[in-house]
1. Kindly provide the set of residues from the stretch 8-64 that are open to solvent by 70 Å² or more (accessible area, probe 1.4 Å) and closer than 29 Å to L139 by Cβ, ordered by number.
2. Working only within the stretch 1-56, note down all residues that are β-branched (V, I, T), modelled with pLDDT of 90 or more and more than 19 Å from H144 (Cβ to Cβ).
3. Between a residue in the stretch 20-48 that is in a loop (DSSP other than H, G, I, E, B) and any residue that is away from the ligand (no atom under 16 Å from the Cβ) and open to solvent by 70 Å² or more (accessible area, probe 1.4 Å), which pairs come within a Cβ distance under 9 Å, given they are 6 or more apart or on different chains?
4. Looking at (1) free of Cβ contacts under 8 Å to residues at least 40 places away in the same chain; (2) within 16 Å of the ligand (Cβ to nearest atom); (3) of a type in the set (D, E, K, R), which is the only condition D150 fails?
5. Could you tell me how many of the residues in the stretch 166-188 are under 22 Å from M78 (Cβ atoms) and either open to solvent by less than 50 Å² (accessible area, probe 1.4 Å) or among the polar types (S, T, N, Q) (or both)?
6. Pick from V133, V161: which is within 16 Å of the ligand (Cβ to nearest atom) and at pLDDT 85 or above?
7. Go through the stretch 122-140 and give me each residue that's open to solvent by 20 Å² or more (accessible area, probe 1.4 Å), among the hydrophobic types (A, V, I, L, M, F, W, C) and not in a loop (DSSP other than H, G, I, E, B).
8. When both residues are 6+ apart or on different chains and their Cβ atoms are under 9 Å apart, which pairs have a first residue that lies in the stretch 86-107 and is of a type in the set (K, R), and a second that is in a loop (DSSP other than H, G, I, E, B)?
Amino acid sequence: MSVPVRTPLFWGPKRLPVPYVARWSGELIATGGALTVRRDGRGLAYEDETPDDRDRHGVLWARVGRAPAEGRPDYRAMHPARQRRAMLELLCQVCGGPADRNGKGWLFALRRPGPADDIPGWPEGLLCTKPPVCGPCALLAAQHCPYLGDPVFVRSRKPRVWGVFGGAFTPHPGGGLAAGEDGHLPYGHPAAPWFLANQLAVELTRTTRVPGP
Ligand SMILES: [Zn+2]
């Protein structure tokens, strides 16, 4: 088990660990008013768009203010910029330090699949939006995270950047935009210009289920 390089933030009367990727109530979603249709009519844009609003594949990202530790943590919501950074740099989603890696790959704590998700070969090829974890935080998450329940620990030798999770928009004939349902979109997809990303999705490949961190 690796020594934690960082410790997570603890919050509230119960001193619960708050994941690095969690969004705080002080971090306001600032997408709404600025979202518009590109001048050529062929996709989404921000009225005051800057290069930071798109990733290296040209996909537009949701805007959320950055004020970690302000207000209350929302354990069910991830901050788009911190989630993306943790995925790209393979940082622990709880403390933000380096994720645990050994010969079998990087460590992920996954929600145990239900009987309805009986997929042969699971979790090989699984699309994952929850960044990896370090050893000590894997145990913390298993103890405290209500979403995980009794988690399955998986190592992936090759977590491959696959695409994004977010929502598609369609332009109204009379102006304005209609939001569609949330879902995954692979990089390079023709629908990408109308897609607003809020999480990076990686594909877990060369996976091994392991008993723990
Ligand atoms: Zn950690």
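The values are calculated or read from the model by the stated rules, or taken from the named source; none is laboratory data. This is a predicted model, so every value here is computed, not measured. Reconstructed Cβ throughout: ideal geometry from the backbone, glycine too, with neighbour counts over all protein chains shown. We work out accessible area using only protein heavy atoms, side chains counted, and drop any ligands, DNA or RNA first. Shrake-Rupley method; radii C 1.70, N 1.55, O 1.52, S 1.80 Å.
1. L9, F10, W11, P13, K14, R15
2. Of everything in the stretch 1-56, those that are β-branched (V, I, T), modelled with pLDDT of 90 or more and more than 19 Å from H144 (Cβ to Cβ) turn out to be T36, V37, T50.
3. Sorted first by the residue in the stretch 20-48, then by its partner, the pairs are S25/E70; S25/R72; G26/E70; G26/R72; E27/R66; E27/E70; E47/G33.
4. (2) is the only condition that D150 fails.
5. 9
6. V133
7. Scanning the stretch 122-140 gives L126, L127, L139, L140.
8. R101/S2; R101/L90; R101/P132
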